[in-house]
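S.K.: Take this structure, written in structure tokens, and hold onto it; I'll ask about it next.
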Amino acid sequence: MSTVSGIEIIGDLPAGAEEVVTDSALELIVTLHRALAARREEALAARAEVVERVSAGGTLDFLPETEHIRADPTWQVAPPAPGLEDRRVEITGPTDRRMTINALNAGAKVWLADQEDANTPEWDSVVGGQLNLLHAIDRTIDFTHSNGKTYALAPDEDLATIVMRPRGWHLPEKHVLVDGEVTSGSLVDFALFVATAGLRQIAKGQGPYFYLPKMEHHLEARMWNDAFNIASDHLGFPRGTIRATCLIETIPAAFQMEEILYELRDHSAGLNAGRWDYLFSVIKTFRTRGQEFLLPDRNAITMTVPFMRAYTELLVRTCHKRGAHAIGGMAAFIPSRDEEVNKVAFDKVRADKLREATDGFDGSWVAHPGMVETCKEVFTSVLGDRPNQIDNKREDVSVTAADLLDVAATPGDVTEEGLRTNVSVALQYLRAWLGGLGAVAIFDLMEDAATAEISRSQTWQWLHNGITLADTGELVTRELVERIVAEEIAKLPGEPGDYEQARDTFLDVAIAEEYVDFLTLPAYDRMV
């Protein structure tokens, strides 16, 4: 229960929650909800309208109504904020205590402290992650493993800058009601952070910094900008102190990169190429359009296929044209005890990061502390002592709408092995997610919700578009998917019953007639 008028907390709060679930944070949640809830619902409805138009044969293109923004050469985003000048290597991960310490100590320039895809929206995780971030900034965090190993923070000057990723606009927070209405997970995450840990960041000479996920329209960026201004006024610090890097991880947003930077220009810290969610968005948006937008096995889709190459080239060009950082995609590899596996994986990561650095990206992501030095070494070989290469304007780049939509040029086949991999990865991930883990090691990769989304979306697309598997000649049917689900569960550790909820959730979103926009929505309904 809360003493703040208009708000109700459903469920018990974890120990120590009063440090982040403060009256000031709750008052801000009320203010944000009343100002933005209706606009959020309109934005989500507009997303559905885009998919309906595409399903009816329509397409995506650069917006004619915002051509004046793209054509105006004079505007720039705000200069880099303290702690965000040099972003040559960023580490991502969940906000549990051990990961918080390890990520901050890893030698990266930035830590994406993930309250979204690498977290689960269990109430204890939502609040507990905020507590860990507050304690990290206050330097009161430590951790002792069951094996006796202790973890503590390095000196402040050696720590990564914290950039928190809240949940996307689509996700609700059922434990917080305002005026009797379920609130936005995005705004709850944002308010709890900015009103507590964010103020501590300001006191330390930085600011509340955010990664903004899964936007599909520049008006969604405008909502975030308004949220930032509301919070700045509510908490009494100057507008522009907050900074945000937007993930361009949906194909509608790829056509509005400049507009998204423009809407957030006083708060902008750049754009990121969120490659896995981008693939998920391509599948989701064009799922009913048959062979023209059919993607092969996920492992066959590299960053150099034409439509992905166009997307990353345009992102770098757009960011540097407007004075913003361009941040590359994820290296999800987890170092292995197998030296041969390691060699192959490190070679692939090094080549991937070198492509990004020579293309003009200012930095890139890794998922494991063991990959930080490799990424840093590659980017330093291009950047030298410069903090970034925003001055590399990439004026040679010219990307058309047709380039961004050229999915048909992607080589590769749909195979039984690819289908089995999708099923197995999704089942393993969902079992962990429903049990409270959002970042999961699967087949030597650190996977989060984006991988599960690709896996179930490809399965749905192949099933509903009458696809025949290239290696077996078998038609993808409900019966085939159900059989493979049972066979893959039998291969996994534990008892079959351990995967019951994961199996049911996967089948609900992979073989149903109606496509569910995000698998985390029905999965969240299964959580207390």
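The values are calculated or read from the model by the stated rules, or taken from the named source; none is laboratory data. Just so you know, these numbers come straight off a predicted model, no measurement behind them. For neighbour counting, all protein chains shown are included, and Cβ atoms are generated from backbone atoms with ideal geometry for every residue, glycine included. Ligands, DNA and RNA are excluded from the accessible area calculation, which covers all protein heavy atoms including side chains. Shrake-Rupley method; radii C 1.70, N 1.55, O 1.52, S 1.80 Å.
S.K.: At what distance in nm do the modelled label points of N229 and L492 sit from each other, each positioned 7 Å from its Cα along Cα→Cβ?
M.R.: That separation, rounded to one decimal, is 4.7 nm.
S.K.: Another one. Taking θ = phi - 60°, what integer Hz values does the Karplus form 6.51 cos²θ - 1.76 cosθ + 1.60 yield along the stretch 487-499, in sequence order, with x for Gly and Pro?
M.R.: Karplus values, whole Hz, x for Gly and Pro: 5, 6, 4, 4, 7, 8, x, x, 8, x, x, 5, 9.
S.K.: Quick one: Karplus J couplings for the stretch 70-86, per residue in order, coefficients 6.51, -1.76, 1.60, θ = phi - 60°, nearest Hz, x for Gly and Pro?
M.R.: 3J(HN,Hα) across the stretch 70-86, in whole Hz: 5, 7, 7, x, 8, 7, 9, 7, 4, x, x, 7, x, x, 10, 6, 10.
S.K.: Just one of [x] 88, 46, 43; [y] 86, 49, 44; [z] 64, 55, 51 is Cα extents along the principal axes in Å as worked out from the coordinates here. Which one is it?
M.R.: [z]
S.K.: Right, another one. Averaged per residue, what accessible surface does the stretch 128-258 expose to a 1.4 Å probe, in Å²?
M.R.: Using a 1.4 Å probe on heavy atoms only, each residue of the stretch 128-258 averages 30 Å².
S.K.: Under 19 Å from the 7 Å Cα→Cβ point of L475, by amide nitrogen: which residues of the stretch 413-446?
M.R.: What the label zone holds, given the 19 Å backbone N cut-off, is 414-416, 419.
S.K.: A follow-up question, please. Residues with amide H under 5 Å of M164's amide H, sequence separation 5 or more or different chain, H placed in the peptide plane at 1.01 Å from N; which?
M.R.: A113, Y209, F210, Y211
S.K.: How much of the accessible area of the stretch 319-460, probe 1.4 Å, is carbon plus sulfur, in whole percent?
M.R.: 52
S.K.: What accessible area per residue, rounded to a whole number of Å², is obtained for the stretch 296-383 using a probe radius of 1.4 Å?
M.R.: In whole numbers, the stretch 296-383 has 35 Å² accessible per residue.
S.K.: Same structure again: Apply 1/(1 + (r/R0)^6) to the Cβ-Cβ distance of T400 and Q291, taking R0 = 25 Å, and write down the FRET efficiency to the nearest 0.05.
M.R.: The value I calculate is 0.70.
S.K.: With labels modelled as points extended 7 Å from the Cα through the Cβ direction, what inter-label distance (nm, one decimal) is found for T3 paired with D504?
M.R.: 4.2
S.K.: Also, quick follow-up: Take the alpha-carbon centre of the stretch 337-371, take the same for the stretch 87-107, and report the distance between them in whole Å.
M.R.: Taking the Cα centre of the stretch 87-107 as reference, the centre of the stretch 337-371 is 17 Å away.
S.K.: Apply the Karplus curve 6.51 cos²θ - 1.76 cosθ + 1.60, θ = phi - 60°, to the phi angles in the stretch 184-196 and return the couplings in whole Hz, x for Gly and Pro.
M.R.: Coupling constants for the stretch 184-196: 8, x, 4, 6, 5, 4, 4, 5, 4, 6, 5, 7, 10 Hz.
S.K.: Calculate the length of the line joining the C-alpha centroid of the stretch 497-528 to that of the stretch 1-48, in whole Å.
M.R.: If we compute the Cα centre of each part, the gap is 26 Å.
S.K.: Hey, another quick one. For the stretch 74-119, what is the accessible area per residue in Å², given a 1.4 Å probe and the full set of protein chains?
M.R.: For the stretch 74-119, the per-residue accessible area is 28 Å².
S.K.: Further question: For S184, enumerate residues with amide H under 5 Å from its amide H, sequence gap 5+ or separate chain, H modeled in the peptide plane.
M.R.: Answer set, sorted by chain and number: E173.
S.K.: Using modelled backbone amide H atoms (1.01 Å from N, in-plane), which distant-in-sequence or interchain residues come within less than 5 Å of V366's amide H?
M.R.: Hits under the 5 Å cutoff: E90, I91, T92, A331.
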